[in-house]
Amino acid sequence: MLVPLAGAVALSVLLGVAAFVIFNREHDCSDGTLPLRVVASPDVQPALSKIAGTYTKALHSIDSKCVEVTVVKETSVKAASAVAAGKFAGDVWVPDSSLVLSRLESAGGPAEAAVPQPAGSIASSPVVLATARSSVAKLEGALTPSWSTLVSAANAADPDGPGKKVRVVALDPQKSSAGLAALMAASGVAGETGQTKALVGALKRLSGQVAADSAALLASLTVKTGGKVPIGVSSEQAIHTHNAKKPETPAVALYPAEGTLSLDYPFTVLTKDLATQKAAADFRQELSKDSALKVLRAQGFRDPDGKAGGALSEDKGFAPAAPKALPAPDAKTVATVSQTWSRLNLGTRLLTLLDVSGTMALPVPGTNLTRMQAISKIATEGLALFPPDSEMGVWMFSTHLDGRGKDWKEVVPVGPLTESIDGALRKDVLARELSTVQAKATGDTGLNDTLKAAYTEMTRTYARDRINTLLILTDGAGNDDPDGGVGNAEILRFLEETYDPQRPVSILLIAFGPEAQAGKKQMDAVARATGGEAYIAKDPLQVRDFFLQGMERRLCTPDCDG
């Protein structure tokens, strides 16, 4: 019996030695350590750091060096800037969204060349609508969770829409990938449903309702303004993190009916060192294992394929099933829509020229208004669309209005709406002047002389950080200046010679009255000489659409007609 026993012992020892040799081959740290520095978006960094700790302790070996992974956090915006500048301090980058990479790609040049194709997604988190749990019942009937309804609710030119009951809060697409994904989703849906104009109005309003980050947005959902229920956009995982802090009123996720885009956390290897690239590939493989995915799911993330864990259960305010995915936008679309946001969020600098000539005292057929009252209503409607940080002023015009030979008079100088003028805010002074303006009974129009003076002034005082616009409100009776002055051909030559596409001052002309159509050809020529547009209003309420169309012109200036 001793021989068989001795053989068994020998076999056991041999197998043990073989296992030891295999283990040491895979965990050979004889040449020291190989550091791998991962720079990750702050939301996913804690989970990745936990996974990295387990991975490092397991002694994964590359070329006889054991890999030591450290994971540091950096916002995707700052990390992208570092990548573009060639100053990225890491070997692997995990931004929160491929949209960030698309922006770098669309930038071209060194920025585009600096970003290789990512090695897949390590996690996902759908971008959803969010509201306080206490508000869900109040939203029923007022707002169906969808991008289309959200656009309508935020549209500045639709005060009678869902926005009467709902206040939309956004994330800045320039600073937040969730905000950018929401913008891309809403833009795509708006294009398919014919809501492009409404989208412009929504983006204009949302520029003044942007939260600093997801945490601030979710915390604001319990703050009601004017009885309106707050609703915002957020990644699903950010809602999980917010609720994990046990706020008095937790947030819930509302899933857009059309589908949505997701943050996808692309694993992007930037190191050029071959050994470090091998280490990155090995760690990437580790992140695909169920043990790593379990850590990510526990922190409110989904798997790359949308699978959710217990953290995203129905009783916690989530829908475990993966939401419908909208098509991912390409780099060109991301760049175009991002530019739309940037241009619309440039400040406004607007000088309004208000016609007070004699014909403005005539009645408007079918109404109890004079042309002057109708134009004043148009001005009030339009100016109400602009945010408080706008700069505005008003001139009135009619022949010899401010002394012999001067057809214009500065009533309110251009400046910030929130600035005080003789103890009153400029916005209140404008409202007062527009509500009390009277037509000059014996005055002719004198438009061209006024236009030349105003355009010269707006060009001289051009503000680079704003959209500079000259708004003309008239009954469309034409220049009508018996004493001569600047003629129609002369004003067109002046505008064509003075207009500078590098310092564009555009003209938005709105006419209201029976003579307007007869003067439309000249109005169009005047506006388009500066990349602007001319409109004839049949109803003062149409001005909302006209101002939105004028805002749309911002997106193409100075190449709107090119």
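Return the pair list, or none, for Cβ contacts closer than 7 Å from residues in region 491-519 that are in contact (Cβ under 8 Å) with a residue 60 or more places away in the chain to residues that are open to solvent by less than 70 Å² (accessible area, probe 1.4 Å) and among the β-branched types (Val, Ile, Thr), at least 6 apart or on different chains.
From region 491-519, the pairs are Ile510/Ile378; Ile510/Val543; Phe512/Ile375; Phe512/Ile378.
From the list Val151, Val169, pick out the single residue that is β-branched (Val, Ile, Thr), more than 20 Å from Ser124 (Cβ to Cβ), over 11 Å from the mean Cα position of the chain (by Cα) and part of a helix (DSSP H, G or I).
Criteria check complete, one pass: Val151.
Looking at (1) within 16 Å of Leu509 (Cα to Cα); (2) in contact with a Lys or Arg (Cβ under 7 Å, 6 or more places away or on another chain); (3) open to solvent by less than 30 Å² (accessible area, probe 1.4 Å), which one does Glu381 not meet, given that it meets all the others?
Among (1) within 16 Å of Leu509 (Cα to Cα); (2) in contact with a Lys or Arg (Cβ under 7 Å, 6 or more places away or on another chain); (3) open to solvent by less than 30 Å² (accessible area, probe 1.4 Å), Glu381 violates only (3).
Do we find a residue being part of a helix (DSSP H, G or I), open to solvent by 20 Å² or more (accessible area, probe 1.4 Å), among the aliphatic types (A, V, I, L, M) and modelled with pLDDT of 95 or more anywhere in region 222-241?
Checked against the condition, which is being part of a helix (DSSP H, G or I), open to solvent by 20 Å² or more (accessible area, probe 1.4 Å), among the aliphatic types (A, V, I, L, M) and modelled with pLDDT of 95 or more, region 222-241 yields no hits at all.
With (1) aliphatic (A, V, I, L, M); (2) out of contact with any Leu (no Cβ under 8 Å at 6 or more places or on another chain); (3) farther than 18 Å from Ala130 by Cα as the list, and Leu221 as the residue in question, which single condition is left unmet?
(3) is the only condition that Leu221 fails.
Just name the residue that is nearest to the chain's Cα centre (by Cα) out of those in region 401-432 that are among the small types (Gly, Ala, Ser) and not in a strand (DSSP E or B).
For region 401-432, the residue satisfying everything is Ala431.
If you take the residues in region 165-200 that are in contact with a Lys or Arg (Cβ under 8 Å, 6 or more places away or on another chain) and of a type outside the set (A, V, I, L, M), which one is surrounded by the fewest Cβ atoms within 10 Å (Cβ to Cβ)?
Lys165
Of these, Val334, Val414, which one is at pLDDT 90 or above, farther than 29 Å from Thr456 by Cβ and in contact with a Ser or Thr (Cβ under 9 Å, 6 or more places away or on another chain)?
Result of the check over Val334, Val414: Val334.
Which members of region 507-527 meet the condition of being at pLDDT 90 or above, more than 16 Å from Asn448 (Cβ to Cβ) and open to solvent by 20 Å² or more (accessible area, probe 1.4 Å)?
none
Can you pull out every residue in region 111-135 that is more than 25 Å from the chain's Cα centre (by Cα) and modelled with pLDDT under 90?
Once the filter is applied, which keeps residues that are more than 25 Å from the chain's Cα centre (by Cα) and modelled with pLDDT under 90, region 111-135 yields Ala113, Ala114, Pro116, Gln117.
Gly317 versus (1) under 17 Å from Val39 (Cα atoms); (2) in contact with a strand residue (DSSP E or B) (Cβ under 6 Å, 6 or more places away or on another chain): which is the lone unmet condition?
(1)
Which of the residues that make up region 36-63 are open to solvent by 10 Å² or more (accessible area, probe 1.4 Å), modelled with pLDDT of 95 or more and hydroxyl-bearing (Ser, Thr, Tyr)?
Within region 36-63, Ser49, Thr54, Thr56 meet the criteria.
Which one of these is over 16 Å from Asp158 (Cα atoms) and assigned to a helix (DSSP H, G or I): Ala190, Ala198, Ala216, Ala202?
Result: Ala216 is the single residue among Ala190, Ala198, Ala216, Ala202 that is over 16 Å from Asp158 (Cα atoms) and assigned to a helix (DSSP H, G or I).
Quick one: Ala453 ticks every box in (1) of a type outside the set (Ser, Thr, Tyr); (2) closer than 23 Å to Ala527 by Cβ; (3) surrounded by fewer than 16 Cβ atoms within 10 Å (Cβ to Cβ); (4) touching a strand residue (DSSP E or B) at 6+ places or on another chain (Cβ under 7 Å) bar one, so which box is it?
Only one criterion is unmet by Ala453, namely (3).
Would you confirm whether or not region 474-485 contains a residue that is under 18 Å from Lys409 (Cβ atoms), open to solvent by less than 70 Å² (accessible area, probe 1.4 Å), part of a strand (DSSP E or B) and modelled with pLDDT under 95?
yes
Could you list, in sequence order, all residues of region 201-210 that are of a type outside the set (A, V, I, L, M, F, W, C), closer than 21 Å to Leu221 by Cβ and open to solvent by less than 10 Å² (accessible area, probe 1.4 Å)? Outline the logic, then answer.
Filtering region 201-210 for residues of a type outside the set (A, V, I, L, M, F, W, C) gives 201, 204-205, 207-209.
Of the ones still in play, those that are also closer than 21 Å to Leu221 by Cβ are 205, 207-209.
Correct list: empty.
The values are calculated or read from the model by the stated rules, or taken from the named source; none is laboratory data. Bear in mind the structure is a predicted one, so any value in this text is a computation, not a measurement. Note: ideal-geometry Cβ built from the backbone for every residue, glycine included; neighbour counts use all protein chains shown. What goes into the accessible areas is simple: the full protein's heavy atoms, side chains included, and nothing from ligands, DNA or RNA. Shrake-Rupley method; radii C 1.70, N 1.55, O 1.52, S 1.80 Å.
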